[in-house]
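Encoded as structure tokens, the structure appears first; notes follow it.
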Amino acid sequence: MSEPAVEIRDLRFAYDGGPPLLDLPAFSLGRGERLFLRGPSGSGKSTLLGLIAGVLPARSGTVNVLGHEMTKLSGAARDKIRADHLGVIFQMFNLVPYLSVTANAALPCRFSSARRKAVGGDVSEEAARLLARLGLDDSALLKRRVVDLSVGQQQRVAAARALIGGPEIVIADEPTSALDADARDRFIALLSEEAERTGAALLFVSHDAALASQFDRAIDLVEINHAVGREAA
Amino acid sequence: MNSILSLALASLWNRKGTAILTVLAVALSVALFLGVDKAREGAREGFGSTISGTELIVGARSGPINLLLYSVFRLGDATAEISWPTYEMIADREDVAWTVPISLGDSHRGYRVMGTTQDYFTRYKYADRQELSVASGELFDDLFDAVIGAEVAGALGYEVGTSMVLTHGLGAGGLMDHDNRPFRVSGVLARTGTPVDRTIHVSLEAITAIHVGWETGTRNPLADSISEEMVRSFDLTPRTVTAVLVGLERRGTILRTKRALDTYPREALLAIIPGQALSQLWEVTSVAERALIAVSLFVIAVGLVSILTSILTSLNERRREMSILRATGARPGHIFSLMVLEAGALGFVGAVLGAFVINLALAVAGPILAARYGVSLVGTGPGLTDLYTIGAVTLSALIIGAVPAWTALRRSLADGLSIKL
Ligand SMILES: Nc1ncnc2c1ncn2[C@@H]1O[C@H](COP(=O)(O)OP(=O)(O)OP(=O)(O)O)[C@@H](O)[C@H]1O
Ligand SMILES: [Mg+2]
């Protein structure tokens with residue numbers, strides 16, 4: 001438990017042909033920690049998540065995820081770490097339109113045998129159990145096409161999907177920006193509760209600073225990102 | 001791989017409108033290809049099994065294919081006949097074991113009439129040296145007896161004892177009817193799947209008898225005044241025959257006998273070996289066959305391209321879906337296989353459907369074609385060709401699927417975790 005879930009040192013990143021976007025001397029996410037990351041639009045929040053999830057390759061520096069040095073790994077190895085240890089929730093349009101509600105929640109188990117093993121028994125049962133904990137246990141609702149669910153319901157299905165198989169890290173990229181204040185607060189409460197129950201670290205991204213109080217710790221990307229400072233100067 | 005296949009199928013089902021159209025395009029192209037191939041093979045088999053056990057067919061000199069077609073398949077007409085003395089010369093040759101003369105030229109309600117001898121029914125063999133057999137009644141005995149093929153009996157509703165009037169030439173009945181000399185059906189042959197089913201068999205003498213008074217090609221006004229008794233008393237030995245089926249004493253002499261007949265000085269004859277003439281026929285038709293096969297292969301290519309089109313056009317609207325799959329742990333290989341499997345599934349289902357449709361169509365249409373043309377399409381049922389075609393089309397679809405798969409893969413790598421529309 002001493003080792004953090006995510007540990008970043010001297011990370012530099014720029015998109016091909018673009019200006020330096022990220023220059024992070026240090027960033028860390030503790031095991032089981034619920035961290036709030038804010039920053040204005042275009043500041044590179046999603047990009048940072050992509051680097052942690054191993055979808056984008058860092059230019060220099062180190063990105064350590066659960067003891068794995070991502071910058072030294074091949075794309076395939078990074079993909080495997082993401083499949084086995086990360087849950088991801090997006091801002092909107094989280095679900096695969098042609099899969100049922102339960103199949104969407106169970107999706108990571110298709111790609112990761114580690115997640116399947118972690119579930120232990122029947123994957124759909126576990127998906128249904130998680131959905132029920134998130135308040136989706138109406139059988140008529142579960143039979144509906146996912147595109148016919150409300151946005152709030154879709155986000156809860158996405159949360160169940162991120163949590164299935166007990167990944168160590170859950171990454172949420174503005175998952176509440178399409179919800180009203182009430183639904184937003186309830187969603188964050190449910191997500192935090194479930195993350196705590198499974199012991200997952202939660203990295204929650206939003207531009208809405210008001211949400212910070214609901215998390216263990218809050219950081220502003222602009223403050224820790226030196227690339228922005230240098231550009232401004 | 002199994003979970004990716006089920007994902008691919010679910011995704012196709014989600015777009016069932018285009019998926020079904022694509023499958024139909026593939027199915028139709030495969031059905032066309034298999035149909036052409038089966039018709040070709042079936043016709044060859046069917047024609048090839050129409051005559052066996054006859055070493056040579058002799059007729060007046062014309063083309064070998066023409067002689068084969070009119071003497072065996074009742075297609076087309078003889079341009080000239082062989083005189084009776086020449087026929088006797090052939091029959092008397094030392095190397096000839098048996099001969100069956102046939103005389104064509106008359107018809108009855110669209111079915112051809114063939115004058116021949118009783119020997120025809122024992123000497124003529126079809127398929128694997130099978131003999132003709134009588135289903136009901138007996139072979140002709142009286143001068144005005146007729147033995148009809150199974151198709152004639154079935155289509156016209158004739159049975160033993162039915163009386164019928166032959167028509168001079170091959171046109172419609174009426175003025176050209178031999179109505180003063182009606183025939184009686186004495187027997188019906190069992191079905192053979194050859195042109196025999198569509199033939200009316202009478203004795204050679206009967207052909208001579210009905211043409212008494214028709215020497216000029218039309219009815220002589222005096223013809224009716226000649227009574228049946230008088231006709232029966234005439235010498236009814238024919239003056240000419242159309243062709244002669246020949247069996248040899250020893251097969252080894254076949255080329256020598258053929259050459260001797262071909263070069264017979266007193267009359268221009270042509271002797272053909274049925275199998276050889278058939279090969280010549282296939283040589284002629286193979287040009288057209290190859291063109292048809294080439295065209296149907298192109299049509300299959302069009303079907304495959306429609307798979308490509310339908311998947312490529314779906315890629316834009318599925319960009320989001322790919323990002324979600326990537327984020328939830330799908331590796332590039334998963335995305336790639338998903339696309340390839342979708343293409344393969346479209347190709348496979350289309351090919352299976354096409355093979356099914358064409359086999360069903362041939363099972364239904366086969367008997368109709370056989371009744372119409374007298375030659376049944378043999379061996380057109382489901383076969384290895386269908387399996388190979390399904391395999392080849394599925395494989396090609398999988399290979400073609402690599403194109404959209406590659407596009408989707410590169411895009412999903414570049415898009416990262418952010419969902420772009
Ligand atoms: N694939 C890409 N190629 C090039 N530039 C990109 C790419 N994705 C993002 N960018 C640029 O990088 C910068 C940061 O983008 P990013 O999506 O990380 O911002 P963000 O903080 O998540 O913003 P938002 O709050 O609007 O989601 C932006 O200027 C954006 O235009
Ligand atoms: Mg963003």
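The values are calculated or read from the model by the stated rules, or taken from the named source; none is laboratory data. Remember, predicted model here, so these are calculated numbers, not experimental data. Cβ sites come from the backbone with ideal geometry, for glycine too, and all protein chains shown count toward neighbours. Side chains included, ligands, DNA and RNA excluded: accessible areas come from the protein's heavy atoms. Shrake-Rupley method; radii C 1.70, N 1.55, O 1.52, S 1.80 Å.
With angles folded into 0 to 90 degrees, how steeply does helix A:75-85 sit against the dominant principal axis of chain A? Use alpha carbons for both and round to 10.
Around 50 degrees separate the two axes.
To the nearest 10 degrees, how steep is helix B:16-48 against the longest Cα principal axis of chain B, on a 0 to 90 scale?
With rounding to tens, the tilt is 30 degrees.
Only residues of region B:279-321 count here: report those whose backbone N is under 17 Å from the spot 7 Å along Cα→Cβ of B:A361, or say none.
Taking a point 7 Å out along Cα→Cβ of B:A361, the residues of region B:279-321 whose backbone N falls under 17 Å are B:292-304.
At q = 0.23 Å⁻¹, what is the base-10 log of I(q)/I(0) for region B:1-82 according to the Debye formula with one equal point scatterer per Cα and no solvent? Please give it to two decimals.
The computed values of log10 I(q)/I(0) come out as -1.05.
Please go through region A:164-221 and write out the trypsin sites (Lys or Arg not before Pro) that DSSP classes as loop and that have at most 11 other C-beta atoms within 10 Å. Numbers along the way, then the final one.
On the way: sites: A:R184, A:R186, A:R197, A:R217; in loops: none.
The qualifying sites: there are none.
For region B:1-101, state which GluC sites (Glu not before Pro) are in a DSSP loop and have at most 13 other beta carbons lying within 10 Å of their beta carbon. Numbers along the way, then the final one.
Details: sites: B:E41, B:E45, B:E55, B:E81, B:E88, B:E94; in loops: B:E55, B:E81, B:E94.
Qualifying residues, ordered by number: B:E94.
Packing-wise, with mean Cβ within 10 Å as the measure, how do B:21-32, A:160-171 rank, highest first? Write down the numbers at each step before the final one.
On the way: B:21-32: 22.2, A:160-171: 25.2.
Put in order of decreasing packing, that is A:160-171, B:21-32.
What accessible area per residue comes out for region A:6-224, rounded to a whole number of Å², with a 1.4 Å probe? All intermediate terms of the calculation are to be shown ahead of the outcome.
Working: 8590 Å² over 219 residues.
The answer is 39 Å² per residue.
Between chains B and A, what is the buried accessible area summed over both chains (1.4 Å probe, protein heavy atoms, nearest 100 Å²)? Provide the component values of the computation, followed by the final result.
Details: alone 20110 and 10800 Å², together 28680 Å².
For B against A, buried area totals roughly 2200 Å².
For chain B, modelled as a Gaussian network with Cα springs under 10 Å, which listed residue fluctuates most, B:G63, B:G115, B:G347?
B:G63
Under 27 Å from the Cα of B:K125, which lysines turn up, not counting those fewer than eight places away in the same chain?
Those lysines meeting the cut-off are B:K38, B:K258.
What FRET efficiency, computed as 1/(1 + (r/R0)^6) with R0 = 30 Å and r the Cβ-Cβ distance, is obtained for A:V222 and A:D185, rounded to the nearest 0.05?
So, using R0 = 30 Å, E works out to roughly 0.75.
Compute the angle between helix B:274-317 and the longest alpha-carbon principal axis of chain B, please, reported from 0 to 90 degrees and rounded to the nearest 10.
The angle comes out near 20 degrees.
Looking at the P(r) of the protein assembly as shown, how many percent of alpha-carbon pairs lie beyond 43 Å? Could the numbers behind the result be given before it?
On the way: 109377 of 213531 pairs.
Counting every Cα pair in the protein assembly as shown, those more than 43 Å apart make up 51 percent.
Summing -39500 (n - 2.57) over the DSSP H runs of n ≥ 4 in the protein assembly as shown and dividing by its residue number, what mean residue ellipticity at 222 nm do you reach, to the nearest 500 deg cm²/dmol? Write out the running numbers ahead of the final one.
On the way: 25 runs with 316 residues, N = 654.
One gets -15000 deg cm²/dmol as the mean residue ellipticity at 222 nm.
Give the residue list of GluC sites (Glu not before Pro) in region B:161-270 that are DSSP loop and have at most 11 other beta-carbon atoms within 10 angstrom.
Numbers: sites: B:E205, B:E215, B:E228, B:E229, B:E249, B:E267; in loops: B:E215, B:E249, B:E267.
Qualifying residues, ordered by number: B:E215.
Taking only Cα atoms and a 10 Å spring cutoff, compute GNM fluctuations for chain B and point out the largest among B:S107, B:S225, B:S49.
B:S225
Could you list the square roots of 5 times each eigenvalue of the Cα gyration tensor of region B:56-272, that is, the equivalent ellipsoid semi-axes, sorted largest first and rounded to whole Å? Could you put the intermediate results ahead of the total?
Numbers: eigenvalues 157, 90, 47 Å².
Those come to 28, 21, 15 Å.
Within region B:5-42, name every residue whose backbone N is under 16 Å away from a label modeled 7 Å from Cα of A:R145 along the Cβ vector.
B:10-20
Let me see the pair-distance distribution of region A:6-224: every alpha carbon pair, 10 Å bin width, integer percents in order.
Taking all Cα pairs of region A:6-224, the binned fractions are 8, 34, 36, 18, 3, 0 percent.
Just by accessible area at a 1.4 angstrom probe, what is the order of B:W84, B:W214 from largest to smallest? Before the final figure, lay out the partial values.
Working: B:W84 50, B:W214 10 Å².
The ranking, largest first, comes out as B:W84, B:W214.
For the protein assembly as shown, give me the percentage of DSSP beta bridges that are antiparallel, rounded to the nearest 5 percent. It would help to have the intermediate numbers written out before the result.
Details: 47 of 74 bridges.
Antiparallel bridges: around 65 percent, rounded to the nearest 5.
Would you grab the residues whose amide H sits under 5 Å from the one on A:A218? Only those 5+ places off in sequence or on another chain, please, with H modelled 1.01 Å from N.
Distant-sequence amide H within range of A:A218: A:F36.
Rounded if a/c is under 1.5, else prolate if a/b is larger than b/c, else oblate: which is region B:195-244, with a ≥ b ≥ c the root eigenvalues of its Cα gyration tensor?
Numbers: a/c = 1.89, a/b = 1.75, b/c = 1.08.
Prolate, because a/c is 1.5 or more and a/b exceeds b/c.
Given labels modelled 7 Å from the Cα in the Cβ direction, how far is it in nm from B:E317 to B:A268?
7.2 nm
Search the structure for amide H atoms under 5 Å from the amide H of B:A135, placed 1.01 Å from N in the peptide plane, and list their residues when 5 or more places away or on another chain.
The list, which skips near neighbours in sequence, is B:V188, B:L189, B:A190.
Let a ≥ b ≥ c be the square roots of the eigenvalues of the Cα gyration tensor of region A:1-101; is it rounded (a/c under 1.5), or, if not, prolate (a/b larger than b/c) or oblate? Could you put the intermediate results ahead of the total?
Details: a/c = 1.42, a/b = 1.19, b/c = 1.19.
Here region A:1-101 falls in the rounded category.
Which three lengths, in whole Å and largest first, does chain B cover when its Cα atoms are put on their principal axes?
Principal extents (Cα only, largest first): 106, 46, 33 Å.
At a probe size of 1.4 Å, how large is the accessible area of B:V340, to the nearest 10 Å²?
20 Å²
Where both residues lie in region A:6-224, what percent of DSSP beta bridges are antiparallel, nearest 5?
45 percent
Scattering from the C-alpha atoms of region A:70-196 alone, worked out with Debye: what is log10 I(q)/I(0) at q = 0.09, 0.21 1/Å?
-0.24, -1.24
Over chain A, what percent of the accessible surface lies on carbon and sulfur atoms, probe 1.4 Å? Walk me through the numbers on the way to the answer.
On the way: 4850 of 9680 Å².
Answer for chain A: carbon and sulfur cover 50 percent of the accessible area.
Need the list of lysines near B:K16 for cross-linking: C-alpha distance under 26 angstrom, and skip anything on the same chain fewer than eight residues off.
A:K143, B:K420
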